Amino acid sequence: MAGRRTDTRERIQQIALDLFVEQGYEKTSLREIAEALGVTKAALYYHFRTKEDIVHSLIEDIGSSLDEIIEWARAQDDPAQTREELLRRLSDLIQGRFGPIMRFMQDNQPALKDLHAGHVLAARLKGLFTFLVPADASAEDKLRSRLALVALMAGNNPQFLDENPSKESADVALRVALELASPRSPAGT
């Protein structure tokens, strides 16, 4: 399969991400990543020449996953069901690989500023908004729809929780996001 990522590449990404989250991006070297993998730096260079390349690959992978969700949403006919399923799919992504990457990006903002990594994801999140916000939505409903994405992200981020994210916190975040994304009836009707 031409587009399939190698197990080695994914393993490098995971080990590097774990080290970036644990030690910080700036304090993690390629040598440490290679040692944690049990390979030489030369073997690591075969897949990634720099730490920046690893970060960009992580962001690209998340971006591709978000693109898949957006493409799926474009093919749907029922806006209400699309909003709900889009949030469910995004929740699954956040609970999976996106969660640790979000934590890494949050904890390492100064170091990542020059990499412009967040810009790639921000554009895709804006794309998700188009499917969350009904065309005739009020200003309040537009904000609620955007807050639905924030609820998913904050509800799965340990910086905003008293504990590490769990299935329960993820379920609560999804329920709140679904509630926020449901269009409201105008007051008095």
Along Cα→Cβ, 7 Å out, is where each label goes; now give me the distance between the ones at Ser182 and Arg74 in nm to one decimal. 3.0
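Could you please report the charge total around Gly155, scoring K, R as +1 and D, E as -1 over all other residues with beta-carbon less than 11 angstrom from its beta-carbon?
-1
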Length released on extending from Lys142 to Leu37, taking residue separation times 0.36 nm less the Cα-Cα span: 33.3 nm
Eligible lysines near Lys51 by straight Cα distance, threshold 21 Å, same-chain separation 8 or greater: Lys27, Lys41, Lys113
List the lysines whose alpha-carbon lies under 18 Å from that of Lys142, not counting same-chain residues fewer than 8 positions away? Lys126
In whole Hz, what ³J(HN,Hα) sequence does segment 19-30 give by Karplus (6.51, -1.76, 1.60; θ = phi - 60°), x for Gly and Pro? 5, 4, 5, 6, 9, x, 4, 5, 8, 9, 10, 4
Cut-off 15 Å between beta-carbons: net charge of the residues surrounding Ile33, Lys and Arg +1, Asp and Glu -1: -1
Segment 45-163, dipole about Cα centre (Lys/Arg Cβ +1, Asp/Glu Cβ -1), debye to the nearest 20: 280
Share of accessible surface on carbon and sulfur in the chain, whole %, 1.4 Å probe and ligands ignored, is 51
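The values are calculated or read from the model by the stated rules, or taken from the named source; none is laboratory data. What you see is a predicted model, and the numbers here were worked out from it, not measured in a lab. With ideal geometry, Cβ positions are generated from the backbone for all residues, glycine too; neighbour counts draw on all protein chains shown. Only protein heavy atoms, including side chains, enter the accessible area calculation; ligands, DNA and RNA are left aside. Shrake-Rupley method; radii C 1.70, N 1.55, O 1.52, S 1.80 Å.
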